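Quick notes on the structure that follows.
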Amino acid sequence: MEWLDSKQIKINPPKRTKKVTGTRFATILGMNPWSTPFEMWLAITKTYETPFEDTIYTKAGKAIEPKQAEYMKKSYGMDIITPTDRYGEDYFKSTWGDFFPNSKHFGGMWDFLGVDENGTVDTVLEMKTTKRIEDWQNDAPEYYALQAALYAYLLGVDNVIMVASFLEEKDYADPTKYTPNIKNTITVEFKVSERYPDFEDKIKFVENWWAEYVDSGISPVYDEKKDAELLAALRTHSLAPDTDINALITEAESLKSEIDKTTATIADKEKRLGEINNIIKEHAMGQFRDGDKKVEIKGATYTWSVSRSETTTIDKKALEKDGLLDKYQKKSEQYRMTVK
């Protein structure tokens with residue numbers, strides 16, 4: 001991996017890549033406030049991806065999605081196909097997480113499908129759970145709508161129904177008790193052709209993005225702030241001073257500036273704490289008895305622990321007086337860096 005002066009990185013183009021899923025699609029289009037095209041490029045090229053860990057939010061989503069499907073069946077009289085219906089119980093393993101094997105660059109997994117009276121798929125249902133009701137006040141968030149629209153496009157259908165259930169903290173603690181109803185769940189319906197009459201242009205944009213960045217092995221421009229965690233991980237795992245040094249200095253300056261500002265606001269407190277710690281230490285030292293190795297002074301939250309140990313030192317003046325210091329003294333080089 002090579003770090004370029006243009007705030008890009010260069011790799012050998014991978015023979016096998018990941019696909020542009022619904023969430024990656026919206027992000028590449030610049031419609032996801034929580035992620036960046038650079039992050040998507042890293043994942044698609046298998047350069048680096050933050051390890052996935054289940055959270056209370058993802059666990060709640062998995063538990064409540066089937067409940068949302070049942071709600072749509074009962075409330076809207078819909079006939080619904082689940083991934084299990086189409087691909088079997090272990091559908092993730094059998095499909096490797098891709099329901100669109102015939103698409104070269106686009107893929108992913110739809111949540112549920114709606115069928116008409118003839119059993120023909122005519123609707124994509126995208127299920128969401130969230131506590132951010134404000135994001136859904138006027139419409140479905142664009143990055144979610146684009147995700148569902150992509151799956152509808154790949155399936156050749158025009159209808160999308162977004163199903164959003166709003167959760168409280170207690171629902172995340174035990175999502176099995178949650179029941180979608182008219183008070184806590186909304187639907188947002190749209191036709192891809194009406195909401196995105198330029199959808200083919202979006203597909204072409206991503207195809208061009210793929211050719212420019214994935215096929216070339218040269219990343220989109222990264223953002224030192226938005227991509228900070230990813231850049232730190234990349235630089236930790238693949239530090240090459242000859243090519244990384246300018247990027248590292250930029251990152252170091254940003255970090256030091258933030259730390260200096262924070263440190264300045266607590267300098268007086270640190271000084272006062274140091275003075276108090278010295279007084280506490282002196283008090284503790286006076287509490288030692290013969291044989292004691294440690295004295296502890298407990299507060300309500302912290303414990304001050306002072307240990308006593310013996311050390312052996314060398315009397316350099318005596319050695320010098322006896323003419324032995326130069327004989328046994330060794331010199332070594334040391335480097336000390338300061339940042340001003």
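FYI, it's all coordinate maths here, none of it is from the lab. Keep in mind it's a predicted model, so treat the numbers as computed, not measured. Don't worry about glycine lacking a Cβ; one is built from the backbone with ideal geometry, like all the others, and counts go over all protein chains shown.
In the chain, the sites counted are GluC sites (Glu not before Pro) in DSSP loop states with at most 10 other Cβ atoms within 10 Å, and the longest stretch holding none of them, exclusive of the sites, is 169-309.
Only aspartates and glutamates eight or more places from Lys46 in sequence, or on another chain, were considered; those with a Cα closer than 14 Å are Asp215.
Between Arg16 and Ser254, the FRET efficiency estimated from the beta carbon spacing at R0 = 35 angstrom works out to 0.50.
Taking the longest Cα principal axis of the chain as reference, the axis of helix 241-265 is set at about 80 degrees. Between helix 56-76 and the chain, what is the angle of the helix's C-alpha long axis to the longest principal axis, kept within 0 to 90° and rounded to the nearest 10? That works out to roughly 10 degrees.
Distance between the 7 Å Cα→Cβ label points at Tyr76 and Asp116: 1.6 nm.
Between Thr187 and Phe288, residue separation times 0.36 nm minus the direct Cα-Cα distance comes to 29.3 nm. Listed cross-link partners Lys18/Lys256; Lys281/Lys321; Lys15/Lys202; Lys73/Lys191; Lys19/Lys62; Lys62/Lys261 are compared with a 31 Å cut-off, the Cα-Cα value being larger for Lys18/Lys256; Lys281/Lys321; Lys62/Lys261. Residues His283, His105, ranked from the fewest to the most other C-beta atoms within 10 Å, line up as His283, His105.
If only the Cβ of Lys and Arg carry +1 and only the Cβ of Asp and Glu carry -1, the dipole of the stretch 245-299 around its Cα centre is close to 280 debye. Summary of the geometry: the stretch 166-202 and the stretch 105-165, compared by the centres of their Cα atoms, lie 8 Å apart. Angle of helix 267-285 to the longest C-alpha principal axis of the chain, folded into 0 to 90 degrees and rounded to 10: 50°. Put in order of Cβ neighbour count within 10 Å, fewest first, the listed residues Trp110, Trp96 become Trp96, Trp110.
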